[in-house]
1. Would you mind counting up the charge near P375? Only other residues with Cβ under 13 Å from its Cβ, with Lys and Arg at +1 and Asp and Glu at -1.
2. Given just the C-alpha atoms of the stretch 856-911, how large is their convex hull per residue in cubic angstrom?
3. Let me check against my output: what whole-number percent is the relative contact order of the stretch 717-862, with C-alpha pairs under 8 Å and at least 6 apart?
4. Over the stretch 39-125, what is the relative contact order in whole percent, taking alpha-carbon pairs under 8 Å and six or more residues apart?
5. Once R0 is set to 56 Å, what does the formula 1/(1 + (r/R0)^6) return for the Cβ-Cβ distance between L774 and V563, expressed as a FRET efficiency to the nearest 0.05?
6. Of V912, S875, P806, whose Cα points farthest to the positive end of the dipole of the stretch 804-940 (charges on the beta-carbon: +1 Lys, Arg; -1 Asp, Glu; origin at the Cα centre)?
7. Would you mind ranking L385, L275 by Cβ crowding within 10 Å, fewest neighbours first?
8. Over all alpha-carbon pairs in the stretch 39-125, figure out the percentage whose distance exceeds 20 Å.
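Throughout, read-outs are computed from the coordinates displayed, never taken from laboratory work. These numbers come from a predicted model, not from an experiment. Neighbour counts run over all protein chains shown; Cβ positions are idealised from the backbone, glycine included.
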Amino acid sequence: MASRMRKLFHRQNAGAIEERRKMRKELFAFNKTVEHGFPNKPTALAYDPKLNIFAIGTSNGVIKIYGAPGVEFMGIHSGDFSVSKLFFLPAQGRIISLLDDNSLHLWEINLKDGGSTMEEVKNFMIEGRLKKISVCCLSSDASRLYLGTEGGNIYLLDVESFDLEDHIVYQDVVMQKLNDSPSSSVPDDFKVNPGAVEAIAQHPSDKDRLLIGYNRGLMIIWRQSELMLEASFVGHQIESLCWHRDGTHFTSSHNDGSYQVWKVSGASSPAKEPLVPYGPFPCKAIPKILYLTTKSEPFTIFSGGMPRASYGDRHVVTVIQDKTQHVVFDFTSKVIDFFTMSNVNDEDEFDEPHSLVVLVEEEIVFIDLQTKGWPTFQLPYLSSLHASAITSSNYICNVPSQLWEKIQEVGEHQQQNVMSTRDFPVIGGKNLVEPPAYHDLLLTGHEDGSIRFWDASASAMKYLYQVNVAQLFTAEGGEQNGSPGVVEAEEEWPPFRKVGNFDPFSDDPRFGVQKVVLCPQSGTLVAGGTAGQVVVMKMGEDEEEKKTIEVVQAKIVVDDKFVWKGHEALPVREEPFKFPRGFQVELVAQAHPPAAITALAFQSTWGIIAFGTSHGFSLIDTTLKRLIVSHCTLNPHDLSVTGEHMSRRMSLTKSLRASLRRVRQKRGTTKPRKQRERRSNDTGGKVIEGSDNTPTTPEKESRGRGFDDADLVPIERKIEARSEDPKVSMVRYVYFANTFVRDAHTATPSLWVGTNAGVIYIYSLGVPTGENRLQGNVVAEISKEIKLKHGAPINSMVVVDSDNNPLPDPIEVQHECAKPPNMSGHNLIVCSEEQFKVFALPSLKPRYKTKLTAMDGSKVRKVAFINYRSRNNDSYSENHISCLTNQGELGIYSIPHLKRQDHYQALRRENVTGIASLLFTPRGEGMYLLSPSEFERFTMSASTVTEPLCMLELAEGMRPVPPEPEVEPEPEPAAEATEEGAGGDADAAAAAAGAEVAQEAKPDAEEQEPGEKDAMLPSEDPPAATLQNGPSEEAEAEAPTAGGDAETAAAIQQEVDNQTADELVNEVDELLAKTGINISIEGETDDNPDITIDEVKEYELMK
């Protein structure tokens, strides 16, 4: 009877479930979309002058190709190997990669789905120790790749077939030719073992001539067609070779810090004596050198070569033009490679480089060689996010145009005397994405006290502006921490110039920015630091005259017995300070003790800020610049607490109680216990929230709807017993809301503070309005206090109205950026590390809750309240809770019923840094640190996707025309068909028909990825027991023809299990006789007979 009732219920609700399933697909979709920032651990660099694109290879096998802003392609090798070298096939949209496992891979950028994508098409492996590739050179026509090896031989790879040619330049043959040459002046020891091939360069005009350099210093010019040694040269140990454009000279660089120019024709002696630019003392090697001609004076560009003793730790690239222009570009990380850019063709007489591109370990730098002083370019992407280590971040949506233009203007003003005014030189490819209609900001706080503003509206994230908070304070030792800059001595040699933004050093760790908040409507920026400092700044269009910084002291701990053993507070500058254009300081609040800021909120309409530390919280009036209230959350019996992990132990009493509950639930003799609660009067006092390990049901008034009543129990997992967390005093979240705190008739401003101990403090605020604001004081009175029984730390809180919309900021309503809230039916949603719970306001009566944690140690780390819009109907949207756990799982839960809508495995649980750095955006996207220098961007919204969509416009003939498929001749019909053949065809047709029925019964089975079963469940989640032990309602509703429902199948299985062996065999025989099926087992012989009754009985006994 129960089974029939369930069937009837499922049939009635099948339509609603299917409709909800379709709506979920329109609302939610998880995808990792783009990576912002600089690739981690780069190892290779290449440039295509024809298409004007460049590529970077990394140590984890990733290749990224960049062109104009928004043009980006990425390919990942299958193995975990580092990319050693990259070679573009000019104008073809192809690139060859060499990995450190000696394998070569050919990649193509091809059109696909309206854009271009990067695909690996061929690969080749060279095996053998002596065949280890030491250097490569691509021929001028891109038909061959010369592979120099450790054994001294040179192999030729045919690019078209991607296989080795028969022709090999053997070292033994070269040495034999060298011995036979009467004019050779090469010493005998070089003829025995010249070493590995260190450099290969093809002649600029005669592709038959190869310049080959061997490790020990031997250089030869080899004619390939004639297998002839044309000339030989001997120098110091070779590092690199380069031809001059006219082909009459070449330059070599060596491991002793010298370089030398050689003349090809005539004697094999150098045209010039070896030059050690930074001698005479021993110098480091010059790994790469370029000699480039211009209509005036030539350029000599090389890396390394510094004096070992005095500057051996410098990472430099030197540019010399004439005797008057000589600059040593000094970087803060190791130089990987460099190239120059030019607009000339192969037939032109001069090289005429206009830009120098240098790839170092932590950033890439573009240098303008056409502008006087050789300034650097402002990067439209690939900026070094981690110029100083990132300590906090925040994402701001829909920045007003007025503030956006001001930020751009002051940012350009900061860079006007530092950066080149020329346009960025890389413009290859075509961006197919329309410019965004909105402006989004990513704010990053850094260890050095700076706050950087990034344009995060599109896939190419661009640096905009920087605020240096550290300049407001005095650093260690009493020196002032002014603007960054390097003052060089006028007569310094070598002539260093610091370039790049990466700076891993911080003057004082107390400068670190822990929290950053921006109010885009008022243009107010608030930053909380490591030493308890909170800085309030406001956008100023003009430079301010000198003024003294106002400081408000916030003493949180007043107990005289308390002793602070941490760092001291940062001294604020006492002398008048001149503020440049941009964000200018209004106020500095200093917490005591000076512990790091752990929570921060700003209410611009009321003119107040709230911040928390590990000791308590304070409320500051930013209008009158005074302290309103401070509250200490420390345990008076233990003021020196430290943290520890969640306990996995369970007491004997709790264990027995849990076992008895499970027994009762199986017998069906108990009902869920009603939650016990104790509540004080509405005007104030403490509220103790009762909780146990059984789920709390909704209030009675929400019942009565057949569909919701069956599904309101969300997916839950048991919460483990917790030990007393010793970091109970830490404030985790502060929140302002204009809602009903004291009674249900009058909404008042309020402050909500959540701590690590699961305690919520609720303050009622009296904020004067209008003209009284400048004279009257803000009054704060504690109204209520909530204590969550499970004691989990509070991650987030929000008040929603009767339409389930989070209350907007009043200033957003004033500027018509948000709709006014519905001032009735307010609910408070509390999100702790272990559960979400909904309370009715102002009674604080629990309504719904869901438990998210499990015995495996899962905890909620990040929470956001997001409005998800339908991708097919922009006017339809839903508000949901989005969260991330310490297991790397993303979850979406409905408001207010807290039913899980979807979940995704986004990060590995071992990626602690990524989980800690993740932030959600109001549009349903998110970011987390993929590496110290990169943000991975993802989306959970089906309607919001920020990803590159671009293409390369290739000339005709760059891709071979695919061959037309051959038409196969139709098979002749057989004259006769045997009975066995006919029977086989019938069986095959029946099987195909059965498969088609099953496919129609489950149309979405192929769309569901493995591991995402829970994510594809209907949004109105059934009880956990139903999910774990039986099929979902959706499966039963969708597949009535594919085997019946779960109860029928279970009943049949139970009957089969209860049958004896004789009954089972007899039933099978009767079934076969009725259907007329003649079964013959393939390979059945006297030695291998069919299964007998005795064997079945024996099998039953074995069970």
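1. My count for the surroundings of P375 gives +3.
2. Output value, Cα hull per residue: 94 Å³.
3. 21
4. Value for the stretch 39-125: 21 percent.
5. 0.90
6. The residue sitting farthest along the positive end of the dipole is P806.
7. Result, fewest neighbours first: L275, L385.
8. 26
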